[in-house]
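Novice: Pasting a structure below so you can have a look.
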Amino acid sequence: MTAPSAVRLAVPFLGAALSATAATAGGLGQPIPWEMSRQVPVTENARDILNFEIGLHWLSLAISVFVLGLILWCVFRFGEKRNPNPSRFTHNTAIEVAWTIVPVLILVAVAIPSFRLLRTQLADPKADMIVKVIGHAWYWSYEYPQTEQGGGFTFDANLDEDKQPRLLQTDNEMVVPVGKIVKVQVTAADVIHSWAMPAFGFKIDAIPGRLNQMWFKAEKEGTYHGQCSELCGQRHAYMPIVVRVVSDQAYAEWLKEAKTKYASLDNGKSLASAR
């Protein structure tokens, strides 16, 4: 086996092995040194994405091993020494039907969980709360509407270079309660940005003049880090996203503090309605 062939065979296996250990090797809400896997998933969607990726890696490994076996068998079985008088046929109906139908079946098998993932991402569950996110050059703004629990304020989140992890911390954080369905309405004030949170398994473009929407339900308390994922200009690399997931009691207390800390909105009327 040549070196390039060995590398091509090893790639899917290594990918499967690395993805399979993501739950223990990846960081909780942030990258870690020498990390080659995903962050620990804390939403159902992120877990489904990880499982789908692992399945694709093992499928790729199986296909690679099968194709390699066919190549080696052909080299061994039909070499000049063992087959000095090669046959002259050019077609085999059974093989041609098989190599047409089998890939189609494989693609169908891959499409089923893929469509299931898309359905989950595009679902529109009833929201427990809603936050509007606005991308600017180069920082984020967050608007919390006025509700029975509180809200009615907005704040900016700028890069804080003095905090760790470096270039992933902001002076203010988006705060949400654990185990609640949070809808995020995303837009931009200038150029296209992208609000991305790897641990949640979601990212969505922030486009001027358009209001996009996504949702997540974080299952673990903690602080989670993301970044703008759309090349948006000179300081694109300095637009971190920080979401702090807290208990219901801690969230209620934060709402009271934030109401006095941040400037008030006009009764939260700048937000679109959400179910």
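The values are calculated or read from the model by the stated rules, or taken from the named source; none is laboratory data. Predicted, not measured: the structure shown is a model, and the values here were computed from it. Methodologically, a virtual Cβ is constructed for each residue, glycine included, from the backbone with ideal geometry; neighbour enumeration extends over all protein chains shown. Surface areas here come from the heavy atoms of the whole protein model, side chains and all, with no ligands, DNA or RNA. Shrake-Rupley method; radii C 1.70, N 1.55, O 1.52, S 1.80 Å.
Novice: When you scan the stretch 184-193, do you find a residue that is buried (at least 18 other Cβ atoms within 10 Å of the Cβ), under 23 Å from ALA250 (Cβ atoms), in contact with a strand residue (DSSP E or B) (Cβ under 6 Å, 6 or more places away or on another chain) and not acidic (Asp, Glu), even just one?
Specialist: Yes, there is a match, as at least one residue in the stretch 184-193 is buried (at least 18 other Cβ atoms within 10 Å of the Cβ), under 23 Å from ALA250 (Cβ atoms), in contact with a strand residue (DSSP E or B) (Cβ under 6 Å, 6 or more places away or on another chain) and not acidic (Asp, Glu).
To keep it simple, each residue is scored yes or no on (1) at pLDDT below 90; (2) of a type in the set (Lys, Arg); (3) in contact with a Leu (Cβ under 7 Å, 6 or more places away or on another chain).
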{"site": "MET174", "(1), (2), (3)": "no, no, no"}
{"site": "ALA196", "(1), (2), (3)": "no, no, no"}
{"site": "PHE216", "(1), (2), (3)": "no, no, no"}
{"site": "LYS220", "(1), (2), (3)": "no, yes, no"}
{"site": "CYS232", "(1), (2), (3)": "no, no, no"}
{"site": "ILE241", "(1), (2), (3)": "no, no, no"}
{"site": "VAL246", "(1), (2), (3)": "no, no, no"}
{"site": "SER270", "(1), (2), (3)": "yes, no, no"}
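Novice: Related question: Tally time: how many residues in the stretch 109-126 are touching a residue at least 60 places away in the same chain (Cβ under 8 Å) and either open to solvent by 100 Å² or more (accessible area, probe 1.4 Å) or touching a Leu at 6+ places or on another chain (Cβ under 7 Å) (or both)?
Specialist: So the count comes out to 2.
Novice: Got a number for residues in the stretch 160-183 being open to solvent by 10 Å² or more (accessible area, probe 1.4 Å) and in contact with a Lys or Arg (Cβ under 8 Å, 6 or more places away or on another chain)?
Specialist: Matching residues across the stretch 160-183 total 6.
Novice: Right, something else. Within the bounds of the stretch 131-138, is there any residue that is crowded, with 16+ Cβ neighbours inside 10 Å, among the aromatic types (Phe, Trp, Tyr) and in a strand (DSSP E or B)?
Specialist: Scanning the stretch 131-138 turns up no residue that is crowded, with 16+ Cβ neighbours inside 10 Å, among the aromatic types (Phe, Trp, Tyr) and in a strand (DSSP E or B).
Novice: Can you pull out every residue in the stretch 223-232 that is in contact (Cβ under 8 Å) with a residue 24 or more places away in the chain and open to solvent by 40 Å² or more (accessible area, probe 1.4 Å)?
Specialist: Result: THR223, GLN227, SER229, GLU230.
Novice: Here is a follow-up. Pairs needed: first member in the stretch 203-222, over 19 Å from MET239 (Cβ atoms); second member anywhere, open to solvent by 40 Å² or more (accessible area, probe 1.4 Å) and in a strand (DSSP E or B); C-beta distance under 9 Å; at least 6 residues apart or different chains.
Specialist: GLU221/ARG244; GLY222/ARG244
Novice: Do the conditions hold for GLU143, that is, is it among the charged types (D, E, K, R), more than 22 Å from the chain's Cα centre (by Cα) and loosely packed, with under 10 Cβ neighbours inside 10 Å?
Specialist: No; evaluated as a whole, the condition is false for this residue.
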